[in-house]
1. FRET efficiency for LEU109 and ARG66, Cβ-Cβ distance as r, R0 = 35 Å, nearest 0.05?
2. Could you compute the FRET efficiency for ALA102 and ASN53, with r as their C-beta to C-beta distance and R0 at 25 Å, rounded to 0.05?
3. Report the gain in length on full extension from GLN44 to LEU11: 0.36 nm times residue separation, minus Cα-Cα distance, nm rounded to one decimal.
4. State in Å² the accessible area per residue of the chain; use a 1.4 Å probe, count heavy atoms of protein chains only, and round to the nearest integer.
5. With all protein chains present, calculate the accessible area of PHE29 using a 1.4 Å probe and round the result to the nearest 10 Å².
6. State, as an integer percentage, the relative contact order of the stretch 3-123 based on alpha-carbon contacts under 8 Å between residues 6 or more apart.
7. How much net charge surrounds VAL121 when only the other residues with a Cβ under 11 Å from the Cβ of VAL121 are counted, with Lys and Arg +1 and Asp and Glu -1?
8. Does the chain come out rounded, prolate or oblate by the C-alpha gyration tensor, with a ≥ b ≥ c the root eigenvalues, rounded set by a/c under 1.5 and, if not, prolate when a/b is larger than b/c and oblate if not?
Amino acid sequence: QVQLVESGGGLVQPGGSLRLSCAASGSAFTILNMGWYRQAPGKQREKVATITNDGNTNYADSVKGRFTISRDNAKNTVYLQMSSLTPEDTAAYLCNTVATVAAGTGVRLAEYWGQGTQVTVSS
């Protein structure tokens with residue numbers, strides 16, 4: 001099993017910045033992809049940014065040039081640096097990971113989600 005714990009959300013004014021962190025913990029696992037998703041009230045969950053274990057990144061068009069995803073493989077932690085925030089960025093931000101975990105005498109692929117951290121952009 002893998003547990004994901006997010007931190008760094010909060011209230012910020014339009015144009016401001018925030019940095020989200022997500023740390024993965026557990027036993028007998030290897031993190032593959034990590035990413036951030038967000039869900040605003042009444043809207044579908046959407047992908048914000050993802051990063052592979054060798055550093056390849058992918059961003060939603062709405063955040064390109066404003067958000068930067070990074071990871072520290074030694075700490076099994078992924079970060080999301082957000083800048084030039086707008087009220088449209090207000091949402092619960094959820095950390096996601098795909099990992100291989102021990103299963104009997106082998107391994108299996110599994111996906112995990114964090115509980116989410118709220119980001120509110122308002123003046």
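The values are calculated or read from the model by the stated rules, or taken from the named source; none is laboratory data. Quick caveat: nothing in here was measured; it's all calculated off a predicted structure. Every residue, glycine among them, receives a Cβ derived from its backbone with ideal geometry; neighbour counts consider all protein chains shown. Only protein heavy atoms, including side chains, enter the accessible area calculation; ligands, DNA and RNA are left aside. Shrake-Rupley method; radii C 1.70, N 1.55, O 1.52, S 1.80 Å.
1. Values: r = 31 Å, r/R0 = 0.90.
Approximately 0.65, to the nearest 0.05.
2. So, using R0 = 25 Å, E works out to roughly 0.90.
3. 9.7 nm
4. Working: 6470 Å² over 123 residues.
Heavy-atom SASA per residue in the chain reads 53 Å².
5. So the heavy atoms of PHE29 present about 40 Å² to solvent.
6. Values: 298 pairs, mean separation 43.8, N = 121.
Worked out over the stretch 3-123, it gives 36 percent.
7. Details: positive: none; negative: GLU88, ASP89.
Net of charged neighbours comes to -2.
8. Details: a/c = 2.25, a/b = 2.00, b/c = 1.12.
Prolate.
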